[in-house]
Amino acid sequence: MRKALKAAGRAEDAAVLTAVTKTQAWDAIAPVLAAGHRRFGENRVQEAMERWGPVREDYPDLVLSLIGPLQSNKTAEAVGFFDVIATIDRDKIARAVAEEIQKQGRAPGLLVQVNIGEEAQKSGVVPSEADAFLKTCGAHGLKIEGLMCIPPVEGPRGPYFALLKKIADRHGLARLSMGMSDDYETALAFGSTEIRVGSAIFGSR
Ligand SMILES: *Cc1c(COP(=O)(O)O)cnc(C)c1O
């Protein structure tokens with residue numbers, strides 16, 4: 001990360017690392033925690049609560065991010081448990097999250113997921129609808145801090161990362177969650193502030 005940031009002319013602390021622990025055994029996660037790492041990402045609400053719930057109190061500085069799709073029936077649990085929800089992607093979810101934040105008086109950091117390659121199998125708002133969706137979020141009273149994307153596997157990623165940054169910039173959004181095990185260097189070169197890395201840390205799932 002440091003090398004990639006430096007090569008891009010960015011400060012060494014311009015981006016943070018979220019270690020993605022989905023499906024990993026606790027034996028693999030424990031050494032990373034012991035080494036002092038505190039930012040972790042999970043794909044599923046239930047799995048995250050089972051894995052992290054029991055140790056949460058022991059690590060008050062944990063930062064747990066939901067990076068998988070949020071179902072509306074899981075909204076209350078997600079708002080109550082996560083520090084970051086990176087996958088706000090449709091009106092129904094925006095509305096439900098806003099309601100829960102009101103109800104619980106607890107507000108995770110929120111990112112909107114953009115389906116940057118407009119792929120049918122991926123969640124997120126398509127780029128052409130991002131501006132309108134961000135407005136909708138604002139209308140619901142949600143404070144969106146940034147954008148997240150998972151670019152297509154095929155072809156160069158740079159243009160997708162550049163597009164996400166362009167959308168973020170035009171809304172003054174500082175947080176850009178982009179870059180995974182096989183493309184984090186490129187993402188960092190294109191302005192990522194948070195990379196999400198699983199297999200490059202823990203091995204294949
Ligand atoms: C699994 C996952 C990651 C990590 O992927 P790796 O290729 O293992 O680094 C990052 N982001 C999301 C949204 C994921 O689901």
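The values are calculated or read from the model by the stated rules, or taken from the named source; none is laboratory data. Model, not experiment: these values are computed from the prediction. Note: ideal-geometry Cβ built from the backbone for every residue, glycine included; neighbour counts use all protein chains shown. These accessible areas exclude ligands, DNA and RNA; they are computed on the full protein's heavy atoms, side chains included. Shrake-Rupley method; radii C 1.70, N 1.55, O 1.52, S 1.80 Å.
Against the numbered list (1) in contact with a Lys or Arg (Cβ under 9 Å, 6 or more places away or on another chain); (2) open to solvent by 10 Å² or more (accessible area, probe 1.4 Å); (3) within 30 Å of A25 (Cα to Cα); (4) of a type in the set (D, E, K, R), D131 comes up short only at (3). The set of residues in region 82-96 being under 17 Å from the mean Cα position of the chain (by Cα) and either of a type outside the set (F, W, Y) or surrounded by fewer than 21 Cβ atoms within 10 Å (Cβ to Cβ) (or both) consists of D83, V84, I85, A86, T87, I88, D89, R90, I93, A94. Inspection of region 14-33 finds a residue satisfying the criterion of being polar (S, T, N, Q) and open to solvent by 60 Å² or more (accessible area, probe 1.4 Å). Per the conditions (1) under 18 Å from the mean Cα position of the chain (by Cα); (2) open to solvent by 10 Å² or more (accessible area, probe 1.4 Å), the sole criterion not satisfied by T75 is (2).
Take G117 and decide whether it is more than 22 Å from V32 (Cα to Cα) and in contact (Cβ under 8 Å) with a residue 40 or more places away in the chain. Here the answer is yes, as G117 does meet what is asked.
For region 146-164, the set of residues classified as modelled with pLDDT of 95 or more, away from the ligand (no atom under 16 Å from the Cβ) and surrounded by fewer than 18 Cβ atoms within 10 Å (Cβ to Cβ) consists of P156, G158, P159, A162, listed by residue number.
The sole residue among G138, G117 that is surrounded by 18 or more Cβ atoms within 10 Å (Cβ to Cβ), of a type outside the set (A, V, I, L, M, F, W, C) and at pLDDT 95 or above is G117.
Of the numbered criteria (1) in a helix (DSSP H, G or I); (2) under 12 Å from the mean Cα position of the chain (by Cα), the one G68 fails is (1).
Within the set R95, R106, the sole residue that is under 21 Å from V45 (Cβ atoms), assigned to a loop (DSSP other than H, G, I, E, B) and not small (G, A, S) turns out to be R106.
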